[in-house]
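These notes concern the structure reproduced below.
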Amino acid sequence: MNRTLTTRRPMSVARLARWILAAGAASVLWSTEAHGQLKVVTSTTDLADIARAVGGDHVRATHIGEGYEDPHFVQPKPSFILRLREADVWAYVGLDLEIGWMPLLLDGARNQRITAGARGHINVSTVIPVLDANRAVDRSQGDVHPLGNPHYWLDPANARRIAALFRDRFSELDPGHAAAYAANTSAFEARLGAAEQGWAADLATLKDKPIVAWHASWRYFAAYTGVRIVGFMEPKPGVPPSPAHLASLVATMKATGARVILMEPFYDRRTADKVARETGARVLVVPPSVGGAKGLDDYIAVMRNAVATVAAAVR
Ligand SMILES: [Zn+2]
């Protein structure tokens, strides 16, 4: 991935105007299959997957950011303005994760069904017990979690909350299929519960094991699994590691016996390898989202892979 394309900056109005033209020229519209279905656009693949689980045949869900991209630095395609123009639902993570592009995209779409305050506008974070919400934050230092930690989908309890929110909102917007949305949500919860039973032994292994994570994204995973994050490669969320910070982290790892550095595929592997060499640790590259790697085709697969990979490394 080209890091120069993923710079976090608000989109300019001129750029948005070029987008709208490009989108119109491309004529990228919802396919006719969407007829009679709720048209749902989500910011992430994980939200789209849960929307599909809840919506079944009655929902057509598409996502903006890809599962292999850093969710903080997504570059949406121009075609999404037209997608949003036709959408019945816009669902997003919130907590400023999409702040770099969402406002102008929604302005460009000019769709009353999904503007802020409309029933089709779903800020999913409103139903989540957010971690790190009361941390002192200095935005000028580049902290990317100004309103709290947005990576909440990495705890299955929050996946259930997301599913329940989608069930309720889809039922409100499309009451004729409310029974189907309720049944699909129950089925999703049952699949997730069965999967959790399957990885219960891994959870027991993870409990209280010390690890290091690159980004604070794994805070929810830690809350769920009981794994103990003793330090982060980043001194603050979104701020790259400095030599002084890494020296302190190496000392922490030696003191706590942390033998794992857990990171997403889009961070700097070489820096993690360097710390691993100094501490005898292993670097684990684990995708945090649906579509983050081959085979991670749904939410449960993402969680199963993360739990199994970290458990195998600390066992
Ligand atoms: Zn983050």
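Annotations for the structure displayed:
- At q = 0.12, 0.16 Å⁻¹, base-10 log of I(q)/I(0) for region 42-156 (Debye sum, equal scatterers on each alpha carbon): -0.43, -0.77
- Crossing angle, helix 299-314 versus the chain [Cα axis fit, 0-90 degrees, rounded to tens]: 0 degrees
- In terms of packing, defined here as the mean over residues of other Cβ atoms within 10 angstrom, the peptides 131-144, 175-188, 82-95 line up highest first as 82-95, 175-188, 131-144.
- Candidate lysines for bridging to K294, where Cα separation is under 24 Å - those fewer than 8 sequence places away on the same chain excluded: K77
- Candidates E278, E234, E98, ranked by Gaussian network fluctuation over the chain, Cα under 10 Å, top entry: E278
- Span from the region 100-121 Cα centroid across to the region 46-99 one, whole angstrom: 12 Å
- DSSP-defined antiparallel bridges as percent of all bridges, the chain, nearest 5: 5 percent
- Of the trypsin sites (Lys or Arg not before Pro) found in region 176-240, the ones in coil according to DSSP and having at most 16 other Cβ atoms within 10 Å of their Cβ are K207.
- Region 44-176, relative contact order in percent, only Cα pairs under 8 angstrom and at least six apart counted: 24 percent
- Candidate lysines for bridging to K209, where Cα separation is under 23 Å - those fewer than 8 sequence places away on the same chain excluded: K236, K254, K274
- Distance from the Cα centroid of region 270-315 to that of region 239-259 is 19 Å (rounded to whole angstrom).
- In terms of its C-alpha gyration tensor, the chain comes out oblate, because a/c is 1.5 or above while a/b does not outweigh b/c.
- Entry note, the chain: relative contact order of 17 percent, from Cα contacts under 8 Å with a spacing of 6+ residues.
- In a DSSP loop and with at most 15 other Cβ atoms within 10 Å, there are no GluC sites (Glu not before Pro) in region 113-207.
- Of all DSSP beta bridges confined to region 199-314, the antiparallel ones make up roughly 10%.
- The mean sequence distance of close C-alpha pairs (under 8 Å, at least 6 residues apart), as a share of the length of region 199-314, puts its relative contact order at 26 percent.
- Using R0 = 30 Å, the C-beta based FRET efficiency linking D268 and L203 works out to 0.55.
- Global geometry of region 94-222, whether rounded, prolate or oblate, following the gyration tensor of its Cα atoms and the 1.5 cut on a/c: oblate
Quick note: the coordinates plus some simple rules give every number you see, no bench work behind them. Everything numeric here is computed off the predicted structure, so don't read it as measured data. Quick reminder, even Gly has a Cβ in these numbers, built from the backbone with ideal geometry, and neighbours come from all protein chains shown.
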